[in-house]
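Heads up, the thing below is written out as structure tokens.
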Amino acid sequence: RSPRSVGDAAFPPEPIDVVSCLVANVAASLALVMCFPHLNTWHLWALFAFLALLFAAIWFEEWREIIVDLLDPVMVVRSDREKALPCRRRETTKGLCRLATLVCAAVALWDIMLHPVQEGLFE
């Protein structure tokens, strides 16, 4: 049986969680661009440039403080690792979910590459 969670204890994501989420996001972005080529316009590239600027702003301490101040009321993250309750089943389930996410992303991209969009479908 899993232990009860302690109130007021939130932890930042593990590095492997961040990597698997980034891979899934990149796979989803590629799938959208490949499936809907007619949406690949300057709007998409402007959004990409804006997101790249936001990520670059995080590297600078002054901008990071502003972003953290804006996000802190919404996403409270504490780094109290001593409050973490160990649970082997939870960790195993999280690992299997990461693996399933990466496999699904790979299969989706493989399927899209295998079945290209027909010419004139979106015209």
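Miscellaneous remarks
- Looking across the stretch 90-106, just one residue is surrounded by 15 or more Cβ atoms within 10 Å (Cβ to Cβ) and farther than 13 Å from Asp17 by Cα, and that is Ala105.
- Of Leu109, Leu85, all but one fail to be modelled with pLDDT under 85 and either open to solvent by 90 Å² or more (accessible area, probe 1.4 Å) or assigned to a helix (DSSP H, G or I) (or both); the exception is Leu109.
- Scope the stretch 7-32; condition at pLDDT 80 or above and exposed (fewer than 12 other Cβ atoms within 10 Å of the Cβ); matching residues: Pro15, Ile16, Val18, Leu22, Asn25
The values are calculated or read from the model by the stated rules, or taken from the named source; none is laboratory data. What you are looking at is a predicted structure, and each value in this text was computed from that prediction instead of being measured. Note that we place each Cβ from the backbone using ideal geometry, even for glycine, and neighbour counts take in every protein chain shown. In case anyone asks, the SASA skips ligands and DNA or RNA and just uses the protein heavy atoms, side chains included. Shrake-Rupley method; radii C 1.70, N 1.55, O 1.52, S 1.80 Å.
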